[in-house]
There are 4 protein chains.
Amino acid sequence: MSPTERLAQLFSDFPGIGRRQARRFVYFLLSKDRTFLKELASTLQNIQDEVLQCQHCYRFYTKDKSSSPLCPICADEHTDHTIMLVIEKDVDFENIKKTDTHAGRYFVLGGSVPILEQDPTKKIRALELIAETKRAAKDDGLKEIIVALSANPEGENTTQYLKKTLEPLADKLGIKISVLGRGLSTGTELEYSDSDTLAHALKNRG
Amino acid sequence: MSPTERLAQLFSDFPGIGRRQARRFVYFLLSKDRTFLKELASTLQNIQDEVLQCQHCYRFYTKDKSSSPLCPICADEHTDHTIMLVIEKDVDFENIKKTDTHAGRYFVLGGSVPILEQDPTKKIRALELIAETKRAAKDDGLKEIIVALSANPEGENTTQYLKKTLEPLADKLGIKISVLGRGLSTGTELEYSDSDTLAHALKNRG
Amino acid sequence: MSPTERLAQLFSDFPGIGRRQARRFVYFLLSKDRTFLKELASTLQNIQDEVLQCQHCYRFYTKDKSSSPLCPICADEHTDHTIMLVIEKDVDFENIKKTDTHAGRYFVLGGSVPILEQDPTKKIRALELIAETKRAAKDDGLKEIIVALSANPEGENTTQYLKKTLEPLADKLGIKISVLGRGLSTGTELEYSDSDTLAHALKNRG
Amino acid sequence: MSPTERLAQLFSDFPGIGRRQARRFVYFLLSKDRTFLKELASTLQNIQDEVLQCQHCYRFYTKDKSSSPLCPICADEHTDHTIMLVIEKDVDFENIKKTDTHAGRYFVLGGSVPILEQDPTKKIRALELIAETKRAAKDDGLKEIIVALSANPEGENTTQYLKKTLEPLADKLGIKISVLGRGLSTGTELEYSDSDTLAHALKNRG
């Protein structure tokens, strides 16, 4: 295979990128000057050397001179370590952070559990979450786990699995498990709302 | 103007119908057999004679032999008359009804209040709502008003206006005013949620 | 069934209108004042009385004082009666007319022939087209039939059927059968063109 | 700036990629194993070394052992070198090739001329096209130049500019300049066609 074809193939593995757009990326790179290509290749190298994964929450973070094995949020004493927000992936972290309403820490599951999945521990860091819950309860006084997953079937399946898995431990350790509130999302017109959302919105009225 | 042009003009007043589709409607009617056209015209006549507007909630309903000036829900003694759900328009009623989670009565505002509107009473039945609130408090023991409007700017503006308008009266009469819960709507993926919705979902977690 | 339900049912037969929008139409009419409803009903009546179908081209047209059994274009001596443009439906006529590039007459098929249809004469005015071709050849010196149908599978199937059906007669009468040109339509970006369109555009280059 | 932020910035320069998707790419790469990242970086290196630009048609092609300064099509004696198809960019080449209707050679403009552009030679290889036309007329007996650009305003502006620029030379050398045919593209429904397309389709009927 020629390097252009191989490159198109690699790009078509990128999320949301089909064969056609992968080829456009290749032609885009060919038409750019060499500086761009060089910087792209060297930045990819740097990523391998300078990005670490937090030993508590599994988020990716950039290595700094402190050489801490923890991400800035897990290492920060101003973080409210008694509340742990469980998210599917790193991008979700940025979205939650932007809301400025969560002062606690995070935990990245690394995926979600498809309906009918036999072995969820292959898809998400369920065992790691249990271990970290135990550690955080002991070391940090963990009080609440917020399961913050998508409101679609796979997200809800994952939420159910986590609740079932964590509850015995949480009960024993006095940790509350909560989930994101359901209702009308911003911009929703009542006329086009589904029954499920409306039922939640009515029940959670306030 | 020819009758076909006039008909197209009338159809283009219909919600969501542009000039092009209005003309398609006309050609559709021309190509149908005369029976269809006749029944359409006569059903339009019937509507004028047989559909009434409820004197309590302003919903449209079909006249029956009881000749009640109230719609079936307002006339029904099994309805929970202590809870009144305020909606923008008749279609919203059907959506709420499908959820099977509201056992109370309704009130149709007949519109919403645009931002910067000088005289909201021209756009919605605000005065009628106050009168009906007084009557229902006295006659039916009204306890709660649920303002169930869209979560978009115009809906939220209307909700604010209603709260401000109703609160003095509601306080005096011991009526609670509530609004639909905000949060993730069904199907929402966390990654594509806006900050406002996420902030609500976090605050309303449970 | 109540008149509102019946009306919603009739509207849901309209082209492109689902059950939900049909109900919105009903509520829209209920909320309009009675004048609108009355005029809509009476215009529907007028349509039945004042719209005729042309005996040559089958287009619908509004009756005028001339009481001609022909539409204004078929009755007009300035029309080029030697060229007949065959279209699927009345709306197509307006689109072609707007281009100002066809000075001839029309013929409305009234439908198209689905792939695998056993009896095309049930779907389109094929027999009427043959009769009209004979009449127009004799009376008006018809020289060309332009088959102006959609470039989708059903349109192309109809074109093939018409060509096969008309050719023996057209050959005998010295009438040319042509079809609309294929190639890039306005706004087409080369990068997103399908192979078939590009092949036509290359072949028809000029 | 951290390497992850820098990488997201580089990706957001890619065609059709916004800031959000650029970040998703970064997280995608972080979650992949190191082999993928390594191969991506090394393939980017290879591209720099192994991809050349054809000296006749300006297409990119992969270097092979022949070390020809010409792309496989320009170097191939089975190519019809008397017909040159002018395209905007490399991707268009693949689309045309798939149609299997052009046996000739290509020329890549490298861009298009925006309306009101003062100096088109900065946007496209206009001077290179003139030089190559002279060379090909002399060496290869060039007979026809097919200008194969998009049917949108910028594409048509570029076509007009090329025609005006090439015509004196083409006339002198006996070279025909043609453009892609216009008309209904595959899948077009007559009802939704614009006037311009319909006018072309009628004029180019056959």
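Bear in mind these aren't lab numbers, they're just calculated from the coordinates by the rules spelled out. What you are looking at is a predicted structure, and each value in this text was computed from that prediction instead of being measured. Cβ sites come from the backbone with ideal geometry, for glycine too, and all protein chains shown count toward neighbours.
General remarks:
- In summary, C:A131 fulfils each of the numbered conditions (1) touching a Phe, Trp or Tyr at 6+ places or on another chain (Cβ under 8 Å); (2) farther than 16 Å from C:K89 by Cα with the single exception of condition (1).
- Among the residues of segment D:29-46, just one is among the β-branched types (V, I, T) and more than 7 Å from chain A (Cβ to nearest Cβ), namely D:T35.
- Restricting segment D:143-181 to residues that are assigned to a helix (DSSP H, G or I) and facing chain C (nearest Cβ under 10 Å), the residue that is surrounded by the most Cβ atoms within 10 Å (Cβ to Cβ): D:G155
- Any hit, segment B:67-79, residues being within 14 Å of chain C (Cβ to nearest Cβ) and within 24 Å of C:R19 (Cβ to Cβ): yes
- Positions within segment B:5-28 being facing chain C (nearest Cβ under 7 Å), out of contact with any Gly (no Cβ under 7 Å at 6 or more places or on another chain) and over 13 Å from C:A41 (Cα atoms), in sequence order: B:F14, B:P15, B:G16, B:R23, B:R24, B:F25, B:Y27, B:F28
- Of the residues A:T188, A:T197, the single one that is out of contact with any strand residue (DSSP E or B) (no Cβ under 8 Å at 6 or more places or on another chain), among the β-branched types (V, I, T) and within 14 Å of chain B (Cβ to nearest Cβ) is A:T188.
- So A:D90, is it closer than 30 Å to A:N46 by Cα and of a type in the set (D, E): yes
- Hey, D:L166 in contact with a strand residue (DSSP E or B) (Cβ under 8 Å, 6 or more places away or on another chain) and under 28 Å from D:Y61 (Cα atoms) or not: yes
- Among the criteria (1) touching a residue at least 12 places away in the same chain (Cβ under 8 Å); (2) under 27 Å from C:A170 (Cα atoms), the one C:A75 does not fulfil is (1).
- Condition broken by B:S185, with the remaining ones in (1) farther than 30 Å from A:E156 by Cβ; (2) in contact with a His (Cβ under 9 Å, 6 or more places away or on another chain) satisfied: (1)
- Checking each residue in segment A:76-109 for being within 15 Å of A:R135 (Cα to Cα) and more than 15 Å from the chain's Cα centre (by Cα) picks out A:H81, A:T82, A:I83.
- When the test is whether a residue is within 14 Å of chain C (Cβ to nearest Cβ), within 20 Å of the chain's Cα centre (by Cα) and in contact (Cβ under 8 Å) with a residue 24 or more places away in the chain, D:L129 does not pass it.
- Meets criteria (assigned to a helix (DSSP H, G or I) and not hydroxyl-bearing (S, T, Y)) for A:D139: yes
- Lone qualifier among B:S178, B:S185 - being in contact with an Asp or Glu (Cβ under 7 Å, 6 or more places away or on another chain), of a type in the set (S, T, N, Q) and under 15 Å from A:R205 (Cβ atoms): B:S178
- Checking each residue of segment D:186-204 against the condition of being touching a residue at least 24 places away in the same chain (Cβ under 8 Å) and not basic (K, R) gives no match.
- All positions within segment D:103-123 that are surrounded by 20 or more Cβ atoms within 10 Å (Cβ to Cβ) and under 25 Å from D:S185 (Cβ atoms): D:Y106, D:F107, D:V108, D:L109, D:S112, D:V113
- Filter pass, D:L37 being surrounded by 15 or more Cβ atoms within 10 Å (Cβ to Cβ), of a type outside the set (V, I, T), touching a residue at least 40 places away in the same chain (Cβ under 8 Å) and out of contact with any Pro (no Cβ under 6 Å at 6 or more places or on another chain): no
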